[in-house]
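Report on the structure given below.
The values are calculated or read from the model by the stated rules, or taken from the named source; none is laboratory data. The structure presented is a predicted model; accordingly, all values stated were derived computationally and were not measured. Don't worry about glycine lacking a Cβ; one is built from the backbone with ideal geometry, like all the others, and counts go over all protein chains shown. Heads up: the accessible areas ignore ligands, DNA and RNA and are worked out on the full protein's heavy atoms, side chains in. Shrake-Rupley method; radii C 1.70, N 1.55, O 1.52, S 1.80 Å.
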Amino acid sequence: MVACKVWTSLREAEGRLLLLLLLLALLPLPQNPAWAAGFRLFHKRLPHRDPSPSYYFLDDVPGLGRVFDGIGGLSGGGATSRLLVNYPEPYRSEILDYLFKPNFGASLHILKVEIGGDGQTTDGTEPSHMHYANDKNYFRGYEWWLMKEAKKRNPNIKLVGLPWSFPGWIGHGQNWPYVTPQLTALYVVTWIVGAKQHHGLDIDYIGIWNERAFDSQYIKVLRKTLYQYGLDRVKIIASDNLWQPISFAMLRDHELMEAIDVIGAHYPGTHTVPASLETNKTLWSSEDYSTFNNEVGGGCWARILNQNYVNGHMTATIAWNLVASYYQQLPFGRDGLMTAQEPWSGHYVVESPIWISAHTTQFAQPGWQYLKTVGHLHKGGSYVALTDGLGNLTIIIETMTHDHSKCIRPPLPLFVVSEQTAIFSLKGSFKELRVLQVWYTKLESKAENNSVLFKQLPPLKISNGTITLKLGVDEVYTLTTLTTGQKGTYPVPPESQPFPSSYKDDFNIRDPPFSEAPNFADQTGVFEYFTNSKYSGDHAFTLRQVVTQRPVTWAFDADQTISIIGDYNWKNLVIRCDVYIETPDISGVFIAGRVNKGGAIIQSAMGIFFWVFADGTYQVTEDLAGILIVKKGLANVRSGKWYTLILNINGSSVGVVLDNMLLWKGMLSSHSQNGWAAIGTHSYEFAQFDNFHVEARD
């Protein structure tokens, strides 16, 4: 049992408590389990004396440290919130409350989103607001919706936008977004302007190019373009990669220094470099965490939230990703602050990083300042303290052990944390404080269900400005003057269920709430709802692949476009879909099953692919690249006409049907034994899909 181990130095009471313990020890222990547990809890709360307590001072007399900018989450990089939008109510709103509602769950201060660029950016593609130079649409995707939902819950939340990929026209045929800096800057600024004009959203920060090379000239042009559009308030973050070489470049270039407001580094391992400090700029860990959200992931998050400031003077930390709302078998499955990957069932899980976030976010707001008197605990762990300058004080203490706080990156040097007694002496304006609220977390390494997450303990009375804490390992304490904290709860969501074995979508939605069809996860290209003016009947409303030029890529996009759907464990299934090739000659489309890869490794995806081409041929291949051809032949197919494709997979037997005519049936020694269903095109080309239907069998 986890006990509260918070004491003050009440010397007179100590003797009486010890005497009572001695008397109790002489009595036989009752057999009642509840009484016995209570006795053990009472014993652990007694003020055991540590032979070597450590002393720490919390004082604002020497002045205050850096201004706290907040804790955030990142939606994007890419398509990590893809399934969230398809959740039915009330579950979708509950998930959003756990993320953004103040004094309820994670209570995040910052929401960072991807500026969609039509390219693969880790777990999928996100659509651009400008697929082409003469095209503007500020209602594609779901990031606009997500930002609005966050603002509904917390009007003060800060919004950050960052590109990963760019539509192909930005690069003029090159895989480089800085060919024409003025054009790229205008493209990004139109996204900011569109957010305001169409959604009432004020973007607070804008980035350059995620984890890729920066261009100093482009950054200067971006700043000037922001000024030209009256967006002086929008701050620039650079370079969303490493501390270097951006810091050296700023120190050598005064104009660049003036253009950049925040130096943002990714996965800094809680440390910065001297050159970054020399700039005197605000420092952020603008992407961090990326760790499986079990209790070790919670430990990673607890450690870096404190130590990013203690070690690296970083005043904001943003988690990738906000919510694990994408198919788990995609790269970095379940690396979100919480898990919501089953819109078909409504099931979601509030994971430990949500409550680790709350230890800071519910008790310190952007604009508060760190005390200068923060640091490491003598026997491992760290502590920070923040104040609003109006008398409020919040102290966050973590004692995460090495093996219980490893993040996915960078490698964590070995260190040791042990039980300890810490005595905090409150000085300066905090000397007169008499009571602090206490919130407590204990992360268990072996039995996750035994962890204590964000539990409110009895208020702590302060004696003569001194606080004494008996600290165990893998614990988090928040001591605060604020009384507004809350561990929000909702009824238990529905139980987890696999993706439906029978699934249909005819895409017949006149005014869809989102541009993408439910549960389809685009991996290369962008598949959008489309109103087909040529067909007023069965194919008036379809799903259309709309990217016709390879984007300026961030990951290794495939040469084909593909959108996956369903259950990764599917083996035997029948897929039926109507298809329409729009471009003559070499264009083509496919349906597929057992697709075994996605995300940034989509190029090497294996499966069973049934292709038809505008030149009147068909193929069956075992790979997306179309290299492993099992069968090819003639089919009466051309562009500008609808066809129905059927792919039947049963064990090693495969059959392909075109308009009720069997083209081929044979046996495969498939490289892929299970995987998703999928639709796609032979290249970046217009094509339409309708009446999708999959039946999976055991």
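Using every pair of distinct Cα positions in the stretch 258-397, the Kirkwood expression returns a hydrodynamic radius of 16.2 angstrom.
The share of Cα pairs per 5 Å bin across the stretch 219-278, counted from zero up to the longest distance, runs 4, 19, 28, 22, 14, 9, 3, 1 percent. Inter-label distance, ALA133 to LEU412: 5.0 nm, where each label sits 7 Å from its Cα along the C-beta direction. Scalar couplings 3J(HN,Hα) for the stretch 610-622, obtained by applying the Karplus form with A = 6.51, B = -1.76, C = 1.60 to θ = phi - 60°, are 10, 10, 10, 10, 5, 8, x, 10, 9, 9, 10, 10, 9 Hz; x denotes Gly and Pro. Taking N as the residue count of the stretch 370-450, its C-alpha radius of gyration divided by 2.2 N^0.38 Å amounts to 1.32.
What a 1.4 Å probe finds exposed on the stretch 476-600 is 50% carbon and sulfur by accessible area, rounded to a whole percent.
Based on the Kirkwood approach, the hydrodynamic radius assigned to the stretch 265-317 is 11.3 Å, with every pair of different Cα atoms included. Each part reduced to its alpha carbon centroid, the stretch 619-685 and the stretch 575-591 end up 11 Å apart. The alpha carbon centroids of the stretch 137-191 and the stretch 282-302 are separated by 25 Å.
As a fraction of the 1.4 Å probe accessible area of the stretch 632-689, surface on carbon and sulfur atoms comes out at 51 percent.
Across all directions, the average projected area of the convex hull around the alpha carbons of the stretch 582-621 is 3.2 nm². What the Cα convex hull of the stretch 168-317 gives, in volume per residue, is 132 Å³. Applying 0.36 nm per residue to the separation of PHE248 and ASP615 and subtracting their alpha-carbon distance, the gain on full extension is 126.6 nm. What is the list of residues in the stretch 631-669 whose amide nitrogen lies under 20 Å from a point 7 angstrom out from the Cα of ARG697, following Cα to Cβ? The answer is 645-669.
Of the peptides 663-670, 420-427, the order by per-residue mean of other Cβ atoms within 10 Å, starting with the highest, comes out as 420-427, 663-670. Per-atom-type breakdown for the stretch 309-457 gives carbon and sulfur 50% of the accessible area (1.4 Å probe, protein chains only).
Ratio to report: Rg/Rh of the stretch 398-508, with Cα atoms as the point set and Rh obtained by the Kirkwood method; give two decimals.
1.17
A 1.4 Å probe run over the protein chains yields, for the chain, 38 Å² of accessible area per residue, whole-number rounding. Rg over Rh for the stretch 395-438 works out to 1.14, using Cα positions for both radii and the Kirkwood form for Rh. Kirkwood's formula applied to the C-alpha pairs of the stretch 469-600 gives a hydrodynamic radius of 19.5 angstrom. The alpha carbon radius of gyration of the stretch 573-698, expressed as a multiple of 2.2 N^0.38 Å, is 0.96.
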